[in-house]
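K.L.:
Below are the structure tokens for one structure; questions will follow.
The values are calculated or read from the model by the stated rules, or taken from the named source; none is laboratory data. What you see is a predicted model, and the numbers here were worked out from it, not measured in a lab. All Cβ positions, even for glycine, are placed from backbone atoms using ideal geometry, and neighbour counts span all protein chains on display. Calculation scope for accessible area: heavy atoms of the full protein, side chains included, ligands and nucleic acids excluded. Shrake-Rupley method; radii C 1.70, N 1.55, O 1.52, S 1.80 Å.
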Amino acid sequence: MFIHTIFFKFIFMEQERLNTRGPLLSWDIFCGTYNSLMEDAEKYQQSFKEIKQIAKSNKWGKEQTKEALENIHKYVIIITDQLQQISFTGKGFQEMTGYTFGEVKGRNPKFLQGEATNRNSTRVLKEQLNHNETSEIILENYRKNGELYFCKIIIKPIINIHQKLVNYIAYELEIAA
């Protein structure tokens, strides 16, 4: 019994020495998770607001707006104008590419392509977009640091309520090579 008491005192003193904050409580774990979830929620909320604003100002149809908003959590969303210049990047874009929105605003997403990008795929993509068709492809893109990554991309033209092409929306998902 005496040895057990000394052993437990030693363990307790060692814990105090190593952890001056005290033992990790379930509240500490909860707070860390909660704060992370709240940060994500704020980013999604900001994306939600921005997409709604783009949809409203360009007079998207209700179904197009609904689809974009429903996909905020599933995909990295990129919206371009009718000239294919980036006007919005959603949550996860910087993590996937290494570029901030400020660095890509006004650029054509083709800048992410490079030497390994399949030219037949990009030719088909261009043809489909020229005919205002939805395109679904896997592209070899490059991050800001030069690293190659594979990206499943669904690109849809946005034809507004006045039957005018106003935007393209891309739903992107990085996939394993």
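K.L.:
For a quick check of your reading of the filter: which GluC sites (Glu not before Pro) in region 81-115 sit in a DSSP loop and have no more than 12 other Cβ atoms within 10 Å?
P.N.:
Numbers: sites: GLU95, GLU103, GLU115; in loops: GLU115.
The qualifying sites are GLU115.
K.L.:
Given a Förster distance of 30 Å, report the FRET efficiency between ASN108 and TYR34 from their Cβ-Cβ distance, rounded to the nearest 0.05.
P.N.:
Taking R0 as 30 Å, the efficiency between ASN108 and TYR34 is 0.15.
K.L.:
Dividing the convex hull volume of the alpha carbon atoms of region 34-143 by its residue count, what do you get in Å³ per residue?
P.N.:
It comes to 119 Å³ per residue, whole-number rounded.
K.L.:
If each residue of separation counts as 0.36 nm, what is the full-extension length gain between LEU69 and GLU174 once their alpha-carbon separation is subtracted?
P.N.:
Value of the extension gain: 35.9 nm.
K.L.:
Something else now. What is the set of long-range amide H partners of LYS144 at a cut-off below 5 Å, with H atoms built 1.01 Å from backbone N?
P.N.:
GLY98, TYR99
K.L.:
If you add up the charges near ILE175, with Lys and Arg at +1 and Asp and Glu at -1, over every other residue whose beta carbon is less than 12 angstrom from its beta carbon, what do you get?
P.N.:
My count for the surroundings of ILE175 gives -2.
K.L.:
Could you check how much of the accessible area of region 106-177 is carbon and sulfur, as a whole percent, using a 1.4 Å probe? Don't skip to the end; give the middle numbers.
P.N.:
Values: 2030 of 4100 Å².
Percent of accessible area from carbon and sulfur atoms in region 106-177: 49.
K.L.:
Kindly provide the GluC sites (Glu not before Pro) of region 118-177 that DSSP labels as loop, not H, G, I, E or B, and whose Cβ sees at most 14 other Cβ atoms within 10 Å.
P.N.:
GLU133, GLU147
K.L.:
Moving on. How much net charge surrounds LYS91 when only other residues with a Cβ under 14 Å from its Cβ are counted (Lys, Arg +1; Asp, Glu -1)?
P.N.:
-4
K.L.:
Using a cut-off of under 19 Å, list every residue of region 140-167 whose amide N is near the label point 7 Å from the Cα of HIS131 along the Cα-to-beta-carbon line.
P.N.:
Flagged as within label range: 154-159, 165.
K.L.:
How much length is gained if the chain between GLN84 and LYS43 is pulled fully straight, taking 0.36 nm per residue apart and subtracting their Cα-Cα distance, in nm to one decimal?
P.N.:
Fully extending the segment from GLN84 to LYS43 adds 12.3 nm.
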